[in-house]
Each structure stands twice: as C-alpha cells, then as structure tokens.
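Asks: Sharing a structure here in structure tokens format.
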Amino acid sequence: MKNRGMISKTSIGAIVATLLLHVSHAQSQETLTISASGGSYDACVKAAYLDGWEKETGIKVVVGGGAWDLGVWRAQQETGKTEWDVATSDPGQLRQLVRNGWVMPIDPELPNKNGGLVDFPGLVPKFDGKIYALPTEIFSTVVTYNSKAFKGDKPKTWADVFNAKKYPGKRLFSNVPVDFGVLEVALLADGVAPENLYPLDIDRALKKLDSIKSDILWYDFGTQQVALLQQGDAVIGAGWDGRVKALQRDGGTIEFSTEQAIVKPDLWILPKGGNSELGARFLAFIDNPERQAKFATCIGYAPALRKAYDLLPANQKFTVDPNNLKGVVVWNDEYWAKNARDVTARFNEWLTK
Amino acid sequence: MPAHRIKINPIVLAAAPGIALLLIFFAIPLANLTVRSLTDPEFGLGNYKAVLGSQTYLRVGWRTIWISFLAMSGCVLIGTPVAYAIAHSKRRALVVATLAVLGLSFLTSSLIRAFAWMILFGAQGPIVAILNAAGLDVHTLLATQVAVVVGMIHFLLPIYALTAFAGFRNMPFDLVVAAEGLGASRWYALRTVYFPLALPSIINAGSLVFVIALGFFITPALLGGPSEMMLGQLIAISISKFGDFGFAAAAGVLLMVITLFLLSAVQWVSKAGQRQ
Amino acid sequence: MSNASKDCGSPPAIQISRLKKCYGAVEVLRGLDLVIPEGSYTTFLGPSGSGKTTLLRIIAGFASVSEGTVSISGVDVTDRAARARDVGMVFQNYALFPHLTARENVEYPLKVRRLPREERRRRALEYLERVHLAEWADRYPRELSGGQQQRVALARSLVYGPKLLLLDEPLSALDKHLRGQMQDFLKELQRDLGITFVHVTHDQSEALALSSLVVIMRDGRLEQVGSPEQIYLEPNSRFVAGFIGNSNIVCCSVTARNGRLATVKLGDGTEVGVPIPAGVTERLGVGEKSLLLLRPEKAETGYRIDTSVVAMSGPVLSTTFMGTHYQVVFSTRHGEITAHLNNDYAPGQSVDVAWRAGNLIVLPAG
C-alpha cells in the first residue's frame, strides 16, 4: 500500500511472476501467494502475520507483485492468470474491483468476530448485502511538518497548512487527488465541516488551492512525501501517520498533528481466480487483536479491531481513538468510486494550466 | 530426386528469427494497442475524441514534446563532442575509460538515478548551496524544468553518445586532415567537412533519444512539478487508477503518430539538405 | 640557365636535415639528408614500408618529426602546422569532400582564405578548366570517375597557388591506360606551372617517366638520389639496379681497375672491361667478388666475339611477345638469362646474345 500512485517495474515483474507462479502452483505443494506492498509494510506483514501463519499452518507464503495498480488487475483478470490468493486493497479500488467482478465475497460475519471493528461508517462497505474485504488497519492523511521549520506554535489544522503567513515555506501535496485527499484537505482548510465534505465542491477546493498555488510542491511517489519534508524542500503538507513515524524512528524531525485526520482503511481481499479457500483462512488468521496490535505497533497505523487498541504501547501516538471518533474525517470511497475519473480530469486540467 | 527444390535466400533465413521477434514483441502488441484504442470500452473513435478533447492531454502532450526536445538538444550539445573524442582519440586508455563510464551509468537504474538527482537538486543539496553561495536566492531546484531536463540528459546521454560514436567511428577522418592541408583550422574543418558528413549520425542518435525521452515518467515525476508533467505520467495514472486501457492506448497511439511524423519530417529535411 | 639560378641565391624547395621519425621503438626514418631543388619533379620511389609516404606526410605537416628539421623555400617549418605551410597535397584516395560539388571542392581552400565569392568561383572554374573538367563542375564526387576525381583533387590543391605540390601515390587507383594519360598530364602541368612536384610512388616506370629527380628509399634510408638516367645507368647498389628495370645479374670478380674502368672475369673465364658507376668507385676493390648487371633491353644478336662484349648462349626456355619486342628467357652456364629481342624463338631453339661492355654495369656484391 506504500506505493500508491506509482506504476513501477513491479507491475511488469508482477505479470512475469504471475506466469511463473501459475506453473509452480500446479506442481509444488500448497502455498499462499499474497500481494506485495513494498518496503516497511511488507516487513511488518511478515513479522505480525506471516511468520505466525507459516508456523501454525505449515503453509508457505509467497509474496508476489503489487496489487495497487488497476492495470495489473485488469491484465490478470482478462488473461485469467490471477497471481494472488489474497491481496491488499483500499476502498476506492475495491469498488472498481467489485464492479468488474474481480474479487470474491468473504464471510460476512468475519468483521464482527473478535470483538468487532472500530465504529466508522463505511469501514466495511456492503454491495448487495455482500462484503468483499476485511479491514485490518486505518491509515490517516494528517497535517505533517518539519518541526525544525517553525519556532513558535506548531501547526495543528489544515487551515494552518494553508496559512502561508504564519507558516511560510513550500507546501507538499500529492498530485493524485484520489489517493491523497488534497481536495478534502483544501475544503477542510476553507472551513467546510467534515459531515458536509461530500460531495466535494471542486471549484471551492481549487480556489482554495489557488491561494497558495505557487507555494505548492507536488509529488508523485509515496516515498517522496516525508523525504521532501525532511530534506527541507517543503516545510509542511499532507502526509501519512505511519510514514512519519517510520521516519521519526530513523531520526527524522518530521511531526504530525492528530487533528482533522482523514482516515481510510487498508483492506485484505480475495482476488477471483486465486485460492479463495486458503485466502479466507488467512483472513480469519489476521482478524486477531494480538496480531493486529503487533502489526499496528510495527507500521504505525491504527488497528481496525477494537480489542487491539488495548494492546498498543502507551508511548505511541495513534490518530484514531475508538472511544472518541469526533473530528475524524472518513474518506468517502463511494463518492470517489463514482467521480474519480471526472474529478481527476478536472484536477489535472487545473494542475497543468 | 525431387523435381524441384524451394530455394530460400540465406539472408532471409538468417533474418527470420529477428523478424519473428520483432513481430511477436513489437508488431503484434502495437496492433493490439491500436485495436484496444478503437474498441475499449466500445468500438469507435471515442477514446481519440476524449484524448484530443482534453485540454490537459493536449497541453501535457506538447510539453512532453518540448521537454524531450530540450533533453535531446542537451544530449546533442554535450554528447557530440564526447562521441567525437572517443571515436577519434588515439589515447586508448582515455577512450576505454570514457566508454566504461558511459556504459556503467547506462546500467544504473533510472529510478536510482532520478532519486540521486532529487537529493542533488533538493533544498539541502550541493547545487542549491553553490547557487546560494554565489549570491542567488534559491530554495530548491526541484519542480523546475532545469531539474527534469538535466535528469533526463543524464539518463539519455550514454545512449546518445554511444549511438553517435558508432556512426562517428566510420567517418572518414582523413577528410579533416585533407581540409587542414588545404589551409583550414581544425575547428573550420570540423564545421565545414566533419559536421555536415556526421549529421546523419547525429540525427539518428538524436531521434533515438528524443523518442525515448517521450516515454519518460519517473524522472519528471521525481524532479518536476506540474509544469514539467509528461504524457507518460498521465497515461500511467489512467491505467493504474482507472484501468482505462483504451484511453491510454489512444494517447499512446497519438503520441506515436506525432513522433513518427516529427521523425519523418526531420529525415526529409536532412535528406533534402544533403541533396542540396 | 635555370640550374645557375638555383645554385646561387634562391633556396631549395625542400631541405631535410638529419630527419628521424620513430613510432614508439620503431624507427621508420633513420636520419635523412635531402635537398629537393625548386621547380623539380621529384619522385620518392621505394617498396612499401620504405618510409616514402611518412616522409611526404612530414613535409606536408601531417606527421611530426622525432629529430631533425624540414625547411620549405628556406623557411624552417618543422614545428609549423600543415595549414600554415601553404603546400598542396593530393591524397592517394583523393580525399574529396563528398558533400560538395567539384567546384565547391576546388573553392574550399579559397573559402578558407576568405576570398570573395566571385573571385572564388572564377578561380575554381579556371582550374577545373585546366584539368579539363569545366563541364563537370556541378557534379558530386560520387558522380565522377576515378580519373576525374583525381583531377578535381589536383585542381583543389593547386587553386590557391602553392609553391609545392605533394602527391601521395596519386595514380595507383587508376587503370593502366588512364595512368599513362595522367602521367603525361601531370608532367605537362608541372612544366606549365613551374612549381615543385613531389610524387610518391612504388612504380619504377612511373618514377622514370615523370621525374627530374628520383629519390630511392629503402628501410627508412635514402638508397640513391639522382636523375632517372643516373639511377638507370649508374645504380649504386644491387637494390637500386634490381628496383629499376629487370636485370640479369651474373657473378664475377674484379681483376684490374683503371680509373672508372674495371676488368671483370666471369665464371667461364670471359674477361671484359666495364665502366664503374660513380656511386660505387670506392666500394669496388680488385680481387673482390662482384656482380655484373645485364639489362635485357641492351641484349644484341649478330655480334663478333671479342673483348668488348659478353656473350651468352643456350636453349630457349620461353618466349613472350611484348608488342615492341619478344622477351626471351634462355638457359646458360650463368643461370637463366632474359633478353629483349626482335625475333621470335621456339622453346629449345638455341640463341646467341651479347652485351657490349659499355652497356654493362659492375656492382660490389652484397
């Protein structure tokens, strides 16, 4: 999930790997193939889930190519060569996968087991009464800044991010609005209440962005978001809590605010054509408070299971408090699934002007 | 004894595997791409209308051509003397060292090179430090055309220099010697004799890097801003976010058609120049 | 008269002193001293690897010297770049500029010299006229025959009026018929222009036909320098004699010397008095083994045997008709001998031939 917005060589690698795996699937002993997400995410998945899974089931896990690229999905589904038994996804992509019939439904009771999930609307989207994904963690787009850049008050809200007088310097945003929420950020900064955010008022958002357009540094790749802040090319912007924490662990001086976090779950899904039976076993395995807490501690994103929160370390700050969800903004996948194309086109038209 | 035998030209036989490869890996995918652009999601010119009707695509398309042209020009300016030097230098060690440097940098991943430039051009990079020391007030060079073009030249230069070198090596250098014997300075001889004769090699190598540049997206994504956005980036998003194969294919086919048109125009002009 | 003016006053066209050229450890020119007179047609003649082309390139300024000096018209040009020597050069492969027409090629050195357009054009056409190519002025080199390209190259290297023209094996790429025509043309041109031509060749007949001075080179040294007549009649060494014309060589010993005359004795006891070439007088001692040269073209039939001739006889091995004569090879006590005779001989038929003593050449052995 780390590589949203990047069509990388892994896409090609994924296709090649698919072809190879298809052969090996048939002949070797049973294995579970999961999609890769890149970098620290894969390392945390291994530490929190895979090691225990292999020990308990004796079924080896193969980490295949990334599943964030809809083009790769389409290529695999159209050629009937599904690489993964389980894959990671996000709510926006999920809607497209469901619409195309490329994913399998999961046990509708699974999210309610083990104490149930954090109470967000739409955390588990339903389609004709069926569900297709298990959320395991919640990541947030948050006000992110380099703490060395500002002496006095630290920025807290999106309005602060747009306040170039008080917090001078370059603003860092992603140029892919469907992923990173730059339009939501602009509207929140402009005073739109979270409950009135959707449907997005694109004109208002772009107008707000226009007010600081010359101060904006745009990035394409997820890895750039904290790097460019740490490097000092920008001083403030929208980042992800987990990424910021990872950089802090490496001695970075990047900070984030928990206010007005825009949250979005990470999902595990069962691609059509994979070994869904085995995949379902894996989903049941990771729907577990201890394992999710371990994963959350490692990656820095908040867990999806309520019970996991009791097991988190006290010294780590998470954007989600399951007992107080006021002020949290939930990314609306339904809106985006419907409007992503048009909004992206309008945004690009504005961006490249 | 058979009454007659089918005679196969040995050259055709030798070229057959190459032609087959070209067919499998280029002609068929290209045909596929074109068919997609006309049929996905439905039959018709809808995708082309969508691309040509998009201000964004037109704007970014011309920008792509312009930035590619700048990168190619940089390669020609920097790479031509390098190719000339390694084609005609008598110092073997120097030639081998230059070829090794070009070859090695060519083998380094474009992603790694773009990230390296991201740091070099960044706010804490040495280039900004030097510019500020020189009294210029520069915060960062990221998201500038300079950064993108330099990053692209860095990637393309080995390709240009090695391609031009292959052509220059076969240049009749004795003509330069002859021109000097007729009273010309080395520079005048190069300008009036070597350069006009080397022009086809320069055009070939330049066209090659221009075409490669058109497809760039990692370098402009990491080093450029919206003003340097290239078509590859837009096409990438339409595939990875929306799975719009037909739309992306139409954009790709249009870019290819424009490229072919530009290249044949260049070839035609250079041929006409030679005839004249 | 022209000789007199050369001797007093005006410096030689080229003067080379103690010239050495090394490529790494290989010495390709080993200390040359040479004077080429103004207005001469000089040829450098030698086998490949003798250093003749290197010497020419050094004079042109395309190669540097390792030691020694080169002067052109009395000016030391050793360290001067080619373009500052004002020397014309015709390359073996002509080195015409393929992207320029014949006229533009000829104009090139004038353009370098910044002559006005009209002047350039006029002079280029004048020189193309001179080489009989006026109507081909707008053709590109690839549209011209080898001989025509050759003449364009000539016009191009003469149009700016150099005092010295260097030609590097200019005729080697032409067929035999064309070569003869071009030889006449070059000779005439040189006479008309009155400038010095230095012409490198490995063809001895070309050297004899063209030059007023022949420089014979061997292994990076000058073997002999002289007029074609001197080279032909009084070779310094077996190498020169063998290189110029086909010669029969017979062993002999010197029994007596009297000034420029030596008495030699052949293996069959024949004794004859022969002239000693100027270049070998000091190297020819009485009693020493020597060589006697018999030029095939000097052979005669119908002679009287006396002390003024050397006679050879034996059965004919082969006869070849050469147009002006028959080349007859026959077997003798001295080995196979070749003679140019006026009559046809059948193989096996006996032949008697003699050389007048005055036409013989004696050289030291080895």
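Asks: Any residue in the range C:346-366 that's in contact (Cβ under 8 Å) with a residue 24 or more places away in the chain and hydroxyl-bearing (Ser, Thr, Tyr): show its pairings with residues that are part of a strand (DSSP E or B) and open to solvent by 60 Å² or more (accessible area, probe 1.4 Å) at Cβ separation under 6 Å, as long as the two are six or more apart or on different chains.
Replies: Correct list of pairs: C:Ser350/C:Pro315.
Asks: With respect to B:Arg92, is the statement that it is open to solvent by 50 Å² or more (accessible area, probe 1.4 Å) and either on the phi > 0 side of the Ramachandran plot or within 14 Å of chain A (Cβ to nearest Cβ) (or both) true?
Replies: It is false that B:Arg92 is open to solvent by 50 Å² or more (accessible area, probe 1.4 Å) and either on the phi > 0 side of the Ramachandran plot or within 14 Å of chain A (Cβ to nearest Cβ) (or both).
Asks: Still on this structure, please answer the following. Which number in (1) assigned to a strand (DSSP E or B); (2) open to solvent by 30 Å² or more (accessible area, probe 1.4 Å); (3) within 20 Å of C:Phe239 (Cβ to Cβ) marks the one condition that C:Asp352 misses?
Replies: Result: C:Asp352 fails condition (3) only.
Asks: So, one more: Please indicate, with yes or no, whether at least one residue in the range A:290-311 is among the aliphatic types (A, V, I, L, M), free of Cβ contacts under 8 Å to residues at least 60 places away in the same chain, more than 30 Å from A:Asp203 (Cβ to Cβ) and crowded, with 17+ Cβ neighbours inside 10 Å.
Replies: Scanning the range A:290-311, I find at least one residue that is among the aliphatic types (A, V, I, L, M), free of Cβ contacts under 8 Å to residues at least 60 places away in the same chain, more than 30 Å from A:Asp203 (Cβ to Cβ) and crowded, with 17+ Cβ neighbours inside 10 Å, so the answer is yes.
Asks: Would you be able to say whether some residue in the range C:67-87 is more than 26 Å from C:Val159 (Cα to Cα) and open to solvent by 40 Å² or more (accessible area, probe 1.4 Å)?
Replies: Yes, that holds for at least one residue.
Asks: Please go through the range A:277-329 and pick out each residue that is hydroxyl-bearing (Ser, Thr, Tyr) and assigned to a loop (DSSP other than H, G, I, E, B).
Replies: Once the filter is applied, which keeps residues that are hydroxyl-bearing (Ser, Thr, Tyr) and assigned to a loop (DSSP other than H, G, I, E, B), the range A:277-329 yields A:Tyr301, A:Thr319.
Asks: Take the range B:168-201 and flag every residue that is without any contact (Cβ under 8 Å) to a residue 12 or more places away in the chain and more than 7 Å from chain C (Cβ to nearest Cβ).
Replies: Once the filter is applied, which keeps residues that are without any contact (Cβ under 8 Å) to a residue 12 or more places away in the chain and more than 7 Å from chain C (Cβ to nearest Cβ), the range B:168-201 yields B:Asn170, B:Arg186, B:Trp187, B:Arg191, B:Phe195.
Asks: Another question, then. Restricting to the range B:100-140, count the residues that are outside any helix (DSSP H, G or I) and within 13 Å of another protein chain (Cβ to nearest Cβ).
Replies: Of the residues in the range B:100-140, 8 are outside any helix (DSSP H, G or I) and within 13 Å of another protein chain (Cβ to nearest Cβ).
Asks: Going through the range C:255-271 one residue at a time, which ones are assigned to a loop (DSSP other than H, G, I, E, B), open to solvent by 60 Å² or more (accessible area, probe 1.4 Å) and more than 12 Å from C:Leu291 (Cα to Cα)?
Replies: Selection gives C:Arg260 alone.
Asks: For the range B:41-58, what are the residues that are within 11 Å of chain A (Cβ to nearest Cβ) and open to solvent by less than 30 Å² (accessible area, probe 1.4 Å)?
Replies: B:Ser54, B:Thr56, B:Tyr57
Asks: Which one of the conditions (1) open to solvent by 40 Å² or more (accessible area, probe 1.4 Å); (2) in contact (Cβ under 8 Å) with a residue 60 or more places away in the chain; (3) closer than 16 Å to C:Asn359 by Cα; (4) in a strand (DSSP E or B) does C:Val225 fail to meet, given that it meets all the rest?
Replies: (3)
Asks: Which numbered condition in (1) within 14 Å of chain B (Cβ to nearest Cβ); (2) assigned to a helix (DSSP H, G or I) is the only one that A:Gly65 fails?
Replies: So A:Gly65 meets the others, but not (2).
Asks: Could I ask something else about it? Quick check on the range B:108-127. Is at least one of its residues touching a Pro at 6+ places or on another chain (Cβ under 9 Å) and either more than 30 Å from A:Thr344 (Cα to Cα) or of a type in the set (Phe, Trp, Tyr) (or both)?
Replies: The answer is yes, given that some residue of the range B:108-127 is touching a Pro at 6+ places or on another chain (Cβ under 9 Å) and either more than 30 Å from A:Thr344 (Cα to Cα) or of a type in the set (Phe, Trp, Tyr) (or both).
Asks: Which residues, counting only those in the range A:140-175, are polar (S, T, N, Q), under 20 Å from the mean Cα position of the chain (by Cα) and within 14 Å of chain B (Cβ to nearest Cβ)?
Replies: If the condition is that a residue be polar (S, T, N, Q), under 20 Å from the mean Cα position of the chain (by Cα) and within 14 Å of chain B (Cβ to nearest Cβ), then A:Ser174, A:Asn175 are the ones that fit.
Asks: Here's something else I'd like to know. I want to confirm something. Restricting to the range A:312-328 and keeping residues that are more than 17 Å from the chain's Cα centre (by Cα) and aliphatic (A, V, I, L, M), which single residue is most open to solvent (accessible area, probe 1.4 Å)?
Replies: Among those that are more than 17 Å from the chain's Cα centre (by Cα) and aliphatic (A, V, I, L, M), it is A:Ala314.
Asks: Hey, can you tell me all the residues within the range C:88-97 that are at the interface with chain B (Cβ under 7 Å from one of its Cβ atoms) and assigned to a loop (DSSP other than H, G, I, E, B)?
Replies: C:Phe91, C:Ala95, C:Phe97, listed by residue number.
Each row is one residue, and each column tells you yes or no for (1) closer than 30 Å to C:Ser313 by Cα; (2) surrounded by fewer than 23 Cβ atoms within 10 Å (Cβ to Cβ).
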| position | (1), (2) |
| --- | --- |
| C:Asp203 | no, yes |
| C:Leu208 | no, yes |
| C:Leu213 | no, yes |
| C:Ile216 | no, no |
| C:Ile231 | yes, no |
| C:Pro235 | yes, no |
| C:Phe239 | yes, yes |
| C:Ser247 | yes, yes |
| C:Ser253 | yes, yes |
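Asks: Would you say C:Gly46 is within 30 Å of C:Ile244 (Cβ to Cβ), away from chain B (no Cβ under 12 Å) and open to solvent by less than 10 Å² (accessible area, probe 1.4 Å)?
Replies: yes
Asks: Which of the helices (runs of 4 or more DSSP H) contained wholly in the range B:161-260 include at least 3 residues that are within 30 Å of B:Thr98 (Cβ to Cβ)?
Replies: Fully inside the range B:161-260 and qualifying: B:174-181, B:186-189, B:195-214, B:218-223.
Results for (1) among the hydroxyl-bearing types (Ser, Thr, Tyr); (2) touching a residue at least 12 places away in the same chain (Cβ under 8 Å); (3) more than 15 Å from C:Pro364 (Cβ to Cβ), shown as yes or no for each residue.
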| site | (1), (2), (3) |
| --- | --- |
| C:Asp268 | no, yes, yes |
| C:Glu282 | no, no, no |
| C:Val286 | no, yes, no |
| C:Arg295 | no, yes, yes |
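Asks: Ok, one more. If you go through the range C:153-170 one residue at a time, do you hit one that is free of Cβ contacts under 8 Å to residues at least 40 places away in the same chain, outside any helix (DSSP H, G or I) and surrounded by fewer than 19 Cβ atoms within 10 Å (Cβ to Cβ)?
Replies: Yes, the range C:153-170 contains at least one residue that is free of Cβ contacts under 8 Å to residues at least 40 places away in the same chain, outside any helix (DSSP H, G or I) and surrounded by fewer than 19 Cβ atoms within 10 Å (Cβ to Cβ).
Asks: Continuing with the same structure: Could you check how many residues of the range A:70-118 are aliphatic (A, V, I, L, M) and open to solvent by 40 Å² or more (accessible area, probe 1.4 Å)?
Replies: 1
Asks: Condition test on C:Asp79, is it facing chain B (nearest Cβ under 9 Å) and part of a loop (DSSP other than H, G, I, E, B)?
Replies: It is false that C:Asp79 is facing chain B (nearest Cβ under 9 Å) and part of a loop (DSSP other than H, G, I, E, B).
Asks: Next question, about the same structure. List the pairs whose first member sits in the range C:197-212 and is among the charged types (D, E, K, R), whose second member is open to solvent by less than 40 Å² (accessible area, probe 1.4 Å), and whose Cβ atoms are under 9 Å apart, counting only residues at least 6 apart or on separate chains?
Replies: C:Asp203/C:Leu45; C:Asp203/C:Glu169; C:Asp203/C:Leu171; C:Glu206/C:Thr43; C:Glu206/C:Leu45; C:Glu206/C:Leu171; C:Glu206/C:Gln183; C:Glu206/C:His199
Asks: I need every pair where a residue in the range B:116-131 that is at positive phi has its Cβ under 8 Å from the Cβ of a residue that is surrounded by fewer than 20 Cβ atoms within 10 Å (Cβ to Cβ) and small (Gly, Ala, Ser), sequence separation at least 6 or different chains.
Replies: Close Cβ pairs (under 8 Å, with a partner that is surrounded by fewer than 20 Cβ atoms within 10 Å (Cβ to Cβ) and small (Gly, Ala, Ser)) do not exist here.
The values are calculated or read from the model by the stated rules, or taken from the named source; none is laboratory data. Worth saying up front: this structure is predicted, and the values here are computed from it rather than measured. Neighbour counts run over all protein chains shown; Cβ positions are idealised from the backbone, glycine included. Surface areas here come from the heavy atoms of the whole protein model, side chains and all, with no ligands, DNA or RNA. Shrake-Rupley method; radii C 1.70, N 1.55, O 1.52, S 1.80 Å.
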